[in-house]
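Inspection log for the structure reproduced underneath, given as structure tokens.
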Ligand SMILES: [Zn+2]
């Protein structure tokens with residue numbers, strides 16, 4: 001079976017299998033969708049399947065090409081990744097210079113460019129030139145968690161393949177091989193919000209579940225008038241999670257959503273079930289419409305967060321506002 005390591009994502013798999021079957025490829029693909037749902041895995045599996053000499057719709061794992069690919073030594077394959085939060089012009093210049101080289105072994109040379117939204121403006125413009133007139137043997141596979149940040153001209157020249165959030169069941173069954181405790185698997189698959197990458201990251205961190213409880217408890221017990229408690233909370237994220245605000249956003253959003261569902265009597269969809277006592281305490285302090293407003297505000301902040309100059313200040317301002325809506 002082609003793309004066997006790719007979990008869920010039936011639509012993307014079907015599209016790529018179709019291309020493998022016909023052995024007809026686009027010069028550039030754009031795998032886009034949320035983080036941690038299999039885009040990079042799919043890019044590797046797709047490239048590997050194109051290279052295999054024995055099987056057309058997958059790979060044999062035994063031929064010379066497969067061996068080279070699996071040991072990270074395939075001469076016609078290259079992955080480009082973000083360094084210091086961007087993909088810089090130098091990297092793209094080097095890539096472009098190398099494009100004139102014909103494939104060494106395969107019919108194609110495949111370049112996977114991960115997090116393509118992290119191109120600097122210069123790098124994006126330079127890369128665009130390669131996209132406009134690529135050598136016939138080149139296939140680019142771009143992956144992106146945020147397609148909106150790419151140049152429209154890059155998007156329009158790439159074949160789009162959409163990836164979606166994964167179902168809880170898929171994540172839970174994947175975690176079976178990693179975690180014995182069923183309850184823990186359940187909590188993690190729920191908290192991960194459909195991102196397998198996030199679930200695995202959490203699974204490797206023994207402290208995480210406890211830290212999440214601590215964070216929820218800090219938030220839950222905050223006084224609506226206290227500025228200091230808001231600053232303390234942000235301080236906690238700095239100290240415990242090295243300022244990993246993304247993780248914080250995610251948890252706070254889930255918590256506010258849980259409060260919302262708790263108030264609406266939809267207890268079956270609550271994620272942080274093990275914190276029911278805190279939901280019971282905090283729930284009555286909120287109006288449903290304020291929870292909705294708070295979720296929207298967090299969403300807005302999160303979307304523009306990478307562009308904020310002082311991220312901590314922006315976060316504090318938003319939290320102060322939301323906290324003030326408590327009754
Ligand atoms: Zn093979």
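Worth pointing out:
- The stretch 216-270 - Rg over Rh from alpha carbon coordinates, Kirkwood radius: 1.04
- Taking label positions 7 Å along the Cα-Cβ direction at both residue 225 and residue 180, the computed distance is 5.2 nm, reported to one decimal.
- Kirkwood Rh in Å, taken over the stretch 10-162 so that all alpha-carbon pairs contribute: 15.7 Å
- For the stretch 119-159, the calculated P(r), taken from all Cα-Cα distances in 10 Å bins from zero up to the bin holding the longest distance, is 26, 62, 12 percent.
- Residue 326 paired with residue 211, simple spin-label distance in nm, labels 7 Å along Cα-to-beta-carbon: 2.3 nm
- Remark: the chain projects, on average over all directions, an area of 18.2 nm² (convex hull of Cα atoms).
- For residue 302 and residue 153, the difference between the fully extended length at 0.36 nm per residue and the C-alpha to C-alpha distance is 51.1 nm.
- With Cα atoms, 0 to 90° folded angle of helix 121-132 axis to the chain main axis: 40 degrees
- Computed over all pairs of different Cα atoms, the Kirkwood value for the hydrodynamic radius of the stretch 250-327 is 13.2 Å.
- Taking the DSSP bridge list for the chain and keeping only pairs wholly inside it, about 5 percent are antiparallel.
- Degrees, to the nearest 10: 227-241 long Cα axis against longest axis of the chain: 40 degrees
- Per-peptide average of other Cβ atoms within 10 Å, ordering 116-126, 226-236 highest first: 116-126, 226-236
- Length released on extending from residue 107 to residue 90, taking residue separation times 0.36 nm less the Cα-Cα span: 3.4 nm
- Taking the chain as a Gaussian network of alpha-carbon nodes connected by springs under 10 Å, the highest mean-square fluctuation of the residues 46, 127, 104 belongs to 104.
- Ranked by the mean number of other Cβ atoms within 10 Å per residue, highest first, peptides 91-98, 215-222 order as 215-222, 91-98.
- Within the stretch 274-292: backbone nitrogen closer than 19 Å to the residue 244 label point (7 Å, Cα to C-beta): none
- Kirkwood Rh, angstrom, the stretch 113-218 [1 / mean 1/r, Cα pairs]: 16.7 Å
- Take the Cβ atoms of residue 56 and residue 97, set R0 to 41 Å, and the FRET efficiency comes out at 0.80.
- Where a label projected 7 Å from the Cα of residue 63 along Cα→Cβ would reach, residues of the stretch 134-154 with amide N under 19 Å: 137-139
- Residues residue 292 and residue 312, FRET efficiency given R0 of 22 Å [Cβ-Cβ distance, rounded to 0.05]: 0.30
- Look at where the Cα atoms of the stretch 157-219 and of the stretch 242-273 average out, and the two centres are 14 Å apart.
Bear in mind these aren't lab numbers, they're just calculated from the coordinates by the rules spelled out. This is a predicted model, so every value here is computed, not measured. When we count neighbours, we look across all protein chains shown, and the Cβ atoms used for this are built from the backbone with ideal geometry, even at glycine.
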